[in-house]
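A.B. asks: Below is the structure I would like to discuss, written out as structure tokens.
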Amino acid sequence: MLSLLGFGMIATFLFLVISKRLSVVVAFIFVAILFGVIGGFSADMGDMMMNGILKVAPTAIMIVFAILYFGLMIDVGLFDPMISRILNIVKGDPLKVVMATAVITMLVGLDGDGSSTFLITVSALLPLYTKLGMNRLILACVISLSAGVINMIPWGGPLVRAAASLQLEVSDLFNPLIPAMAAGLMWTLFSAYLLGKREKARLGTIHLKGASMAFAEQLSVHEIPGKPPRLFWFNALLTLCLMTLLIIDILPIPILFAIALFVNFPHPKEQQERILSHANSFVMVSTLVFAAGIFTGVFTETKMIDAMANTIVSLTPEWLGSHLPLVVAITSLPLSFVFSPDAYYFGILPVISHTAANFGVDPVEIGRAALLGHSTTGFPLSPLVPATFILIGLVEVDFGEHQKFLFKWAFGTTIVMTITAILTNAISF
């Protein structure tokens with residue numbers, strides 16, 4: 001009975017989200033309450049929901065301050081000198097332009113917001129591609145590959161969802177995947193090199209007669225009038241410190257954010273303006289995480305998920321059970337065409353992880369495996385992710401052509417990262 005109730009709960013959630021009957025946040029809460037009452041757990045649901053919220057609270061706090069911190073660093077122009085220098089070096093060489101596209105996207109993508117990454121990088125680079133007569137599908141492809149891999153950062157959407165869904169520590173998911181992420185970035189640069197070399201062979205080198213500086217000046221990253229890049233070395237060292245402490249599992253983000261905000265914007269009014277400018281991003285993400293905590297709290301503590309896992313285990317061949325991490329890694333990219341990130345991470349992944357646990361596979365491996373494809377290289381391909389349409393709308397390419405052009409490179413990223421994850425024992429084989 002619990003198993004059927006659990007499958008009904010997941011099916012209802014997926015239906016409401018995929019059909020867009022309800023927003024994800026409302027669907028989480030509505031479905032949790034509905035099936036908790038149907039299952040006869042109404043008396044205990046308050047405690048179940050609160051326990052779920054408490055488990056995801058550390059993740060939500062880290063995400064809020066990470067978004068604020070990196071948003072602030074972009075506001076003060078930390079990355080502007082590096083990006084401008086890159087654009088100046090590029091000049092009229094298509095190979096260098098494509099390589100620069102990858103590097104710039106990686107830098108801008110550190111804020112963890114795919115939509116803003118697309119807006120900023122396309123705005124900076126599209127005039128250059130147009131001037132040189134370069135293929136816009138290459139621009140969309142390289143931005144997608146770079147943004148997808150950099151999206152694995154601890155405050156990025158995929159890792160936030162995986163941690164909240166499986167109720168795991170962010171560091172347990174992310175740290176073992178650092179070599180795989182590095183391999184993914186190297187593959188992206190290699191892909192950009194091949195695409196750029198092909199484009200250079202087609203076009204040759206075009207002399208822009210000093211226009212590269214003008215293109216560099218077009219870069220606008222949340223520009224604040226009258227606030228040119230300042231305190232560069234202070235902000236750079238503080239950011240390196242923050243990223244190092246994140247990796248070694250010490251998360252003083254609120255403290256470092258407060259220091260950065262006070263030093264860069266000493267006046268209270270300016271501080272308030274900077275926080276409010278990023279309010280939309282962190283309110284949406286934190287609300288999603290807490291709503292997910294309510295959903296997973298009820299889903300887990302009613303034992304529905306255990307019953308579902310037992311049912312699936314009884315139907316899964318023994319030989320396949322131990323290979324579930326590899327199966328999840330390879331299938332996570334194709335499944336992005338069927339399930340939105342929310343539907344996949346909160347509807348499908350918890351059931352798979354509990355099933356894997358019955359075969360002796362650590363659920364954290366399932367979380368890592370999912371990150372290798374679904375939302376890292378899958379989100380720029382998926383028709384279920386709004387940011388994808390922002391990208392193709394800005395670049396002005398056909399969605400079908402974009403998918404066809406990008407798929408082999410994106411799937412290559414998943415394969416490279418999966419092999420690296422296996423070799424480094426991030427996931428078992």
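A.B. asks: I'd like the full set of residues that are open to solvent by 10 Å² or more (accessible area, probe 1.4 Å) and over 19 Å from SER84 (Cβ atoms), limited to region 109-129. Break it down stepwise before answering.
C.D. replies: Of region 109-129, the ones open to solvent by 10 Å² or more (accessible area, probe 1.4 Å) are 110-116, 119-120, 123, 126-127.
GLY112, ASP113, GLY114, SER115 - these are the residues of region 109-129 that are open to solvent by 10 Å² or more (accessible area, probe 1.4 Å) and over 19 Å from SER84 (Cβ atoms).
Results for (1) within 28 Å of ARG85 (Cα to Cα); (2) modelled with pLDDT of 65 or more; (3) open to solvent by 90 Å² or more (accessible area, probe 1.4 Å), shown as yes or no for each residue.
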{"site": "GLU199", "(1), (2), (3)": "yes, yes, no"}
{"site": "SER212", "(1), (2), (3)": "yes, no, no"}
{"site": "VAL221", "(1), (2), (3)": "yes, no, no"}
{"site": "PRO229", "(1), (2), (3)": "yes, no, no"}
{"site": "LEU240", "(1), (2), (3)": "yes, yes, yes"}
{"site": "MET243", "(1), (2), (3)": "yes, yes, no"}
{"site": "PRO254", "(1), (2), (3)": "no, yes, no"}
{"site": "VAL263", "(1), (2), (3)": "yes, yes, no"}
{"site": "GLN271", "(1), (2), (3)": "no, yes, no"}
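A.B. asks: I've got another one for you. For LEU78, state whether it is assigned to a loop (DSSP other than H, G, I, E, B), crowded, with 20+ Cβ neighbours inside 10 Å and on the phi < 0 side of the Ramachandran plot.
C.D. replies: Here the answer is yes, as LEU78 does meet what is asked.
A.B. asks: Could I ask something else about it? Just to be sure, is ALA292 over 30 Å from VAL76 (Cβ atoms), buried (at least 23 other Cβ atoms within 10 Å of the Cβ) and at pLDDT 85 or above?
C.D. replies: Considered against the rule, which asks whether it is over 30 Å from VAL76 (Cβ atoms), buried (at least 23 other Cβ atoms within 10 Å of the Cβ) and at pLDDT 85 or above, ALA292 comes out as no.
A.B. asks: While we're here: So ASN51 passes all but one of these: (1) closer than 16 Å to ALA307 by Cβ; (2) surrounded by 15 or more Cβ atoms within 10 Å (Cβ to Cβ). Which condition number does it fail?
C.D. replies: (1)
A.B. asks: I need a count of the residues in region 1-38 that are surrounded by fewer than 21 Cβ atoms within 10 Å (Cβ to Cβ) and in contact with a Ser or Thr (Cβ under 6 Å, 6 or more places away or on another chain).
C.D. replies: Matching residues across region 1-38 total 2.
A.B. asks: Could you list all residues from region 136-185 that are under 19 Å from ALA426 (Cβ atoms), of a type in the set (Val, Ile, Thr) and outside any loop (DSSP other than H, G, I, E, B)?
C.D. replies: Result: VAL149, ILE150, VAL160, VAL170, ILE178.
Yes/no per residue for (1) modelled with pLDDT under 85; (2) buried (at least 23 other Cβ atoms within 10 Å of the Cβ); (3) within 22 Å of ILE305 (Cα to Cα):
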{"residue": "LEU349", "(1), (2), (3)": "no, yes, yes"}
{"residue": "PRO363", "(1), (2), (3)": "no, no, yes"}
{"residue": "ILE366", "(1), (2), (3)": "no, yes, yes"}
{"residue": "PRO383", "(1), (2), (3)": "yes, no, no"}
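A.B. asks: Further, regarding this structure: Quick one: VAL338 ticks every box in (1) buried (at least 21 other Cβ atoms within 10 Å of the Cβ); (2) modelled with pLDDT under 80 except a single one, so which number is it?
C.D. replies: (1)
A.B. asks: In the set LEU166, LEU145, LEU194, LEU132, which member is open to solvent by less than 40 Å² (accessible area, probe 1.4 Å) and modelled with pLDDT of 90 or more?
C.D. replies: Only one candidate passes the filter, namely LEU145.
The values are calculated or read from the model by the stated rules, or taken from the named source; none is laboratory data. As the structure is a computational prediction, the values presented were derived from the model and not from experiment. Because the Cβ atoms are built from the backbone with ideal geometry, glycine has one as well, and the counts that use them run over all protein chains shown. Each accessible area value is taken on the protein alone, full model and side chains, heavy atoms only, with ligands, DNA and RNA left out. Shrake-Rupley method; radii C 1.70, N 1.55, O 1.52, S 1.80 Å.
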